[in-house]
Amino acid sequence: MRSVSIYIHIPFCERHCAYCDFNVYTLKEQSDLPSRTVEAICREISRESGQLNEKATVPTIFFGGGTPTYLGADALGQILRTLRQHFNVEDNAEITAEANPGTSDAAKFQQMREYGFNRLSVGVQAFHDMLLRQLDRTHTAKEAEYALNAARTAGFSNLSLDLMFRLPGQSMQDWQQSVDTAVSINPEHISLYGLTLEPGTRYERLHAGGRLQLPDEELETAMYEYAISTLKVSGYHHYEVSNFARPGWESRHNMTYWDNNEYLGFGPGAVSYLGGRRWKAERVPLKYIEKSSADVNLAVEEEILPKEQALAESMMVGIRKLDGLDLERLSTRYSVTVESYYSDELRQLQEDGLITLRSGVLKLTHRGLLVADTVAAAFIRLP
Ligand code: SF4
């Protein structure tokens, strides 16, 4: 039976954060756009599932955005119910919602638990009010702690939180305080992201105008290494470049991406990858709703991945798993001897001390970990 993970994109936020280039919209006044988007997402779930030859099994569902908790719990529950009607959602499926401290309270979390959500990923970013204000976040450090406590009280036994480093004005002490506070809260999972300046964001404009000072590369590396060592001694398994978990609490949904397995995405701008085809849905909510109502195909970008490209992408995402990438399994999947196909790249990366290759398992070295994106890029072959 076909197994497919599902991603739901909720494209609304209370405020646009200074660094964010995701497909998100802020609504200035009371609007029925969110509820109409939810209706359209449900319609698309029904339509897309009808195009599969069989009722697919779903091991993981992830509500991201945007801010899923911008919606009420009933709206989130409505989407979940529709998914259950059209797919075989496994009894022990991992069902995650991203939550923003500013849009969540104990009552909402309680209802979400009742609807079947069993994992929350809370966007904290920093336990530091000045940094949060600079990022244009809508919450304080205390409110983030409150949200995490409220999630526990509501019965969530699987909590993740996100932290960011390389922030403008962030000192090593600031970062240590954020990491230490995160550990003291004892979530099952922690994700760490270094700030990147994405085109079109307020931060990118400020930086281009010379009005944004970022920590230098040396400090950025020291911040990452502090987190790695602190989380390790605190019992977290560093299982992916940016992700740490108590053993057994690794994100099953994100593993889908790192294993380059199939997924379906619903919601404005959501990407799907199924049967070697990848497509992206209409980005703008109003257009998404109109096309969905008119029963028009929502895919605005579509590609059939040649085998070489699919293999390259499997290498690029798989190398991020710190337990290693099994090249024999990839060889079977793509009917090619991966070690021979990539022999030049693998030799060079080994000579540079960035990877190890033992018994067919490819791993980043500590040096490789610090430049993981560069290592991943080595597997792209230009036509
Ligand atoms: S809350 Fe998240 S998705 Fe929304 S603008 Fe901020 S970073 Fe982007």
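Structure remark: mean-square fluctuation, Gaussian network model of the chain, C-alpha springs under 10 Å; the largest value among His253, His86, His189 belongs to His86. Full extension of the chain segment joining Asn88 with Asn297 gains 72.8 nm, where the gain is 0.36 nm per residue of separation less the Cα-Cα distance. For Lys28, the aspartates and glutamates whose Cα falls under 20 Å of its own Cα, not counting residues fewer than eight places away in the same chain, are Glu14, Asp136. So what's the gap between the Cα centers of region 348-383 and region 260-328, to the nearest angstrom? Centre-to-centre (Cα) distance: 25 Å.
Listed by chain and number, the aspartates and glutamates whose alpha-carbon sits under 17 Å from that of Lys55, ignoring those within fewer than 8 places in the same chain, are Glu44, Glu90, Asp91, Glu262. Multiplying the residue separation of Val284 and Arg367 by 0.36 nm and removing their Cα-Cα distance gives an extension gain of 25.8 nm.
Approximating the spin labels as points 7 Å out from Cα along Cα→Cβ, the Asp74-to-Ser343 distance works out to 6.5 nm.
3J(HN,Hα) along region 150-161, derived from phi through the Karplus expression 6.51 cos²θ - 1.76 cosθ + 1.60 where θ = phi - 60°, amounts to 5, 5, 4, 4, 6, x, 7, 9, 10, 10, 10, 9 Hz, with x in place of Gly and Pro. Each 10 Å bin from 0 upward holds the following percent of the Cα-Cα pairs of region 183-318: 10, 24, 28, 29, 8, 1. Potential lengthening of the chain between Ala222 and Gln173 amounts to 16.5 nm, from the contour at 0.36 nm per residue minus the alpha-carbon distance. Each listed q (0.11, 0.12, 0.15 Å⁻¹) maps to a log10 I(q)/I(0) for the chain, found by the Debye formula over equal Cα scatterers with no solvent: -0.85, -1.03, -1.57. With a simple spin-label model that places each label point 7 Å from the Cα along the Cα-to-Cβ direction, the separation between Ser234 and Tyr193 comes to 1.9 nm.
Taking other residues whose beta carbon is less than 12 angstrom from the beta carbon of Thr221, and scoring Lys, Arg as +1 and Asp, Glu as -1, yields -3. Within the chain, Cys13, Cys42 have no other Cys Cβ under 4.7 Å of their Cβ and so lack a disulfide-compatible partner by this rule.
Taking the Cα centre of region 123-259 as origin and assigning +1 to Lys and Arg Cβ atoms and -1 to Asp and Glu Cβ atoms, the resulting dipole is close to 360 debye. Taken as Cα centroids, region 41-88 and region 217-239 sit 36 Å apart, rounded to the nearest whole angstrom.
Bear in mind that the values in this text are calculations on the coordinates, not laboratory data. Quick caveat: nothing in here was measured; it's all calculated off a predicted structure. Here the Cβ is made from the backbone with ideal geometry for all residues, glycine too, and neighbour counts use every protein chain on show.
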